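**Student:** What follows is a single structure, and I will ask about it in a moment.
The values are calculated or read from the model by the stated rules, or taken from the named source; none is laboratory data. Quantities reported herein were computed from a predicted structural model and do not represent experimental measurements. Note that we place each Cβ from the backbone using ideal geometry, even for glycine, and neighbour counts take in every protein chain shown. Heads up: the accessible areas ignore ligands, DNA and RNA and are worked out on the full protein's heavy atoms, side chains in. Shrake-Rupley method; radii C 1.70, N 1.55, O 1.52, S 1.80 Å.
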Amino acid sequence: MKIRFTAKEELLRAARELSGKFGFELSSDGVPVSAEEGCGEFTVTGEDGGFRIRAQKRVQVFYALKAISDGEGKGALRFDPSFRDLCYMLDVSRNAVPKTETLRELVRYLAVAGYDSLGLYMEDTFVVKNQPYFGYLRTPYTKEDIRELDEYCRLFGIELVPYIQTLAHFNSLTRHYAYDWLFDVNDILLVGEERTYAFLEDLISTCAEYFSSRRINVGMDEAYMLGRGKYMDRHGARGRFEIMSEHLARVVAICEKYGFRPMMWSDMFFSRSFSAQYGEDLPEEVLSSVPENMQLIYWDYGNLSEEHYAENLERHLKFRNPIGFAGGAWKWVGYTPDNRFAFATCGASARACIRKGVRDYVVTGWGDNGAECSPFATLPALLYCGRLNYGNAEIDEAFRKSFGTFAGVPFETFMTIDLCNRVSGHDDVSELNSANKYLLFNDVLLGTLDTTIARGTNKLYESHTKRLASARDKAGKWRYLFETQYRLSRILEIKTEMGILLREAYQKGDRKELGRLLSALNSLQERIEEFYAALHAQWHRENRSNGFDVQDIRIGALKQRVSAAISKIGAYLEGAAESIPELAERLLDFMGNGDKFEEDFDQCEWRWRRMSSVNVNE
């Protein structure tokens, strides 16, 4: 749709960045559209054969331009956002550090989807003064990188918000001897030490210098062993609540010193250690202990029940603090996303937030265990959550049309990007899976996860491969994402049942079948090479190079183990080896049921070490 756009110069500059990309193009002979920001309401009205946009916030102008181009603005429209702040938080710390141009492209998609903020989750991937090992060899973001991105975000009215850690999740720093003094136990900081707070002040003051936002997420999540290491040696056994409360006060004081309004993940207050101490209902001493300017963010990505979220929000609302919620775009279960599951969980949680008056909603894009999946693979989930904010909760024809101009690819075509996580013939949303990853790295000889695999899964992946080949050819600029998924599916249509078939043939003494499988293993090696090439191209198109070394290690190990299988089976068939000990082993159920195997369509194991071997690999 051609639009003759009239607005202040900054709005025009931003609109030019979007022109020609999302279903509308700025043109002197287009439909007249005028826009102004800072109004008391967000409306689109017909005016002189065109449209007039009145927006509360700048980013709403671009959401409205998209709605007009999608044909949703034929009459008067009044938009009533459900959330005060809709944020997309991208994990840039689990090996994938996106290039700044990748982040700028992401910002454009967030703008037309109506997001108010972009969070950068940075454990140690930003340069920090006085901390030379912070981000060492991880290509961290510099002051110039962040300031440039911050300015670009502000062009669209999007706030760039730092998400850091101030208690745990510093696993990458534990590799450096220079930081031995910093840790209590595992990746949890040694709190109560002045040197620790000097370190945290370096982090927070650096964020104050780099970011224009004065909001900051300070983490504080999943530190369940807090006070159980060096801290206990020095101070004796103390309750986690007392330790947490003291540490929280120190961190909040540093945030206030630099003008930040902090927020933190809330899970520590609802963990088993707190429940064991206090029961399900937190006492007044806990509820009143959190500084009132600290926002608590309830994160929960995996439940399909609106009532589940509502009940847990009710527990959070007993605090005197502002409450926010974080759902998920489900890009952290390997190379393949699960947009379908994100629709269901985000829809349920958003409805609960609206019911309970919780007006800050974060859509997380975590990268657990390697950040193999592109954020652009979750475009359906990102657009869905943007439309949810304005009351459009259905995957209907209006959504499908809007997605087509949003991504440049038909919705049904793009959704095939989820296929490598589908291991049953139906599409039950309750089946949450990381099959794309555990089937890839499940060892062909040891077969740790073989007990979970249903017969016929190879054939299912043959069907997935055909659909992905078709989608790849229609995917336009996203062809490179679908190439990766297509190549992955080609591996899985051979590899998924390989360990089962090898063990069965060996234990039956069926040498003919072993010979056939040996030929298939040689084909598998070629397909792994093709997948590696596609993944390499995808990664280096979007991300800085450092971090891909982990993929080299993992896929290199996969190739070597397939080579080992080829060698062992070849030697056995030629008579050079009397046995293949690995294939003689009796398997036990992966889920802990002994001899009773449980075919699992709801397996979400994402950790490479656990899926690749049972042997020591630390």
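**Student:** Go ahead and run the numbers for FRET between ASN522 and ASN617, Cβ-Cβ distance against an R0 of 35 Å, rounding to 0.05.
**Tutor:** My answer for the efficiency is 0.85.
**Student:** Quick one: what are the phi-derived ³J(HN,Hα) couplings along the stretch 450-459, Karplus 6.51/-1.76/1.60 with θ = phi - 60°, whole Hz, x for glycine and proline?
**Tutor:** Using θ = phi - 60°, the values come out as 4, 5, 8, 9, 7, 4, x, 5, 4, 5 Hz.
**Student:** Could you calculate the contour length gain from SER19 to ALA198, that is, 0.36 nm times the residue separation minus the distance between their Cα atoms, to one decimal place in nm?
**Tutor:** Using 0.36 nm per residue and subtracting the Cα-Cα distance, I get 59.8 nm.
**Student:** Quick one: if the Förster radius is 51 Å, what FRET efficiency do LYS230 and ASP595 give, using the C-beta to C-beta distance and rounding to 0.05?
**Tutor:** The calculated FRET efficiency here is 0.70.
**Student:** A further question on this structure: Give, in nm to one decimal, the length gained when the segment between GLU394 and GLU462 is fully stretched (0.36 nm per residue of separation minus the Cα-Cα distance).
**Tutor:** Taking 0.36 nm per residue and subtracting the Cα distance, the gain is 21.4 nm.
**Student:** Also, quick follow-up: Using helices alone, what [θ] at 222 nm do you get for the chain, with -39,500 (n - 2.57) per DSSP H run of 4 or more residues, divided over all residues and rounded to the nearest 500?
**Tutor:** So the calculated ellipticity at 222 nm is -14000 deg cm²/dmol.
**Student:** Within the chain, what whole-number % of the accessible surface is contributed by carbon and sulfur, with the 1.4 Å probe and all protein chains included in the calculation?
**Tutor:** 48 percent
**Student:** Nearest 5 is fine: what % of DSSP beta bridges in the chain come out antiparallel, could you say?
**Tutor:** So the antiparallel bridges amount to about 20 percent of the total.
**Student:** What's the extension gain from GLU256 to GLU314 if we count 0.36 nm per residue and subtract their Cα-Cα distance?
**Tutor:** 18.1 nm
**Student:** Still on this structure, I have one more. Measure out, as a whole number of angstrom, how far apart the alpha-carbon centroids of the stretch 381-415 and the stretch 25-94 sit.
**Tutor:** Centre-to-centre (Cα) distance: 16 Å.
**Student:** Follow-up. For the stretch 1-140, what is the charge dipole size about the Cα centre, in debye to the nearest 20, if Lys and Arg each add +1 at the Cβ and Asp and Glu each add -1 at the Cβ?
**Tutor:** So the magnitude is around 220 debye.
**Student:** Give the long-range amide H neighbours of ARG215: residues separated by 5 or more places, or on another chain, with amide H under 5 Å away, using H modelled in the peptide plane at 1.01 Å from N.
**Tutor:** When sequence neighbours closer than 5 places are left aside, the close amide H contacts are ARG261.
**Student:** So, one more: Report the GluC sites (Glu not before Pro) located in the stretch 348-425 that are in a DSSP loop and have at most 14 other Cβ atoms inside 10 Å of their Cβ, or state none.
**Tutor:** Here the sparse-neighbourhood loop sites are GLU394.
**Student:** Another question, if that's okay. Normalised by the residues of the stretch 11-157, what does the relative contact order come to in percent, with Cα pairs under 8 Å and at least six apart?
**Tutor:** Normalised by residue count, the contact order of the stretch 11-157 is 21 percent.
**Student:** For SER470 and ALA533, FRET efficiency with R0 = 22 Å and r from the beta-carbon atoms, rounded to 0.05?
**Tutor:** Here the calculated transfer efficiency is 0.60.
**Student:** Could I ask something else about it? Over the stretch 1-144, give the accessible area per residue in Å² for a 1.4 Å probe, as an integer.
**Tutor:** I get 39 Å² per residue for the stretch 1-144.
**Student:** Go through the stretch 526-536 residue by residue and turn each phi into a ³J(HN,Hα) via Karplus (6.51, -1.76, 1.60, θ = phi - 60°); whole Hz please, and just put x for glycine and proline.
**Tutor:** Listing the rounded values in order: 5, 5, 4, 4, 5, 5, 4, 4, 5, 5, 4 Hz.
**Student:** Using modelled amide H (1.01 Å from N, peptide plane; none on Pro or chain starts), what sits under 5 Å from the amide H of THR6, excluding residues fewer than 5 places away?
**Tutor:** The list, which skips near neighbours in sequence, is VAL33, SER34, ALA35.
**Student:** Local charge sum around LYS143 (other residues, Cβ-Cβ under 12 Å, Lys/Arg +1, Asp/Glu -1)?
**Tutor:** Cβ neighbours under 12 Å give a net charge of -3.
**Student:** Additional query: Which listed residue (SER489, GLY594, LEU173) has the Cα farthest towards the positive end of the charge dipole for the chain, taking +1 on Lys and Arg C-beta and -1 on Asp and Glu C-beta about the Cα centre?
**Tutor:** About the Cα centre, the residue reaching furthest to the positive side is SER489.
**Student:** Oh, and also: Work out the length of the dipole vector of the stretch 116-222 about its Cα centre, built from +1 on the beta-carbon of each Lys and Arg and -1 on the beta-carbon of each Asp and Glu, and round it to the nearest 20 debye.
**Tutor:** 200 debye
**Student:** Then there's this: Might you report the magnitude of the Cβ-based charge dipole of the chain about its Cα centre, with Lys and Arg at +1 and Asp and Glu at -1, to the nearest 20 debye?
**Tutor:** 1240 debye
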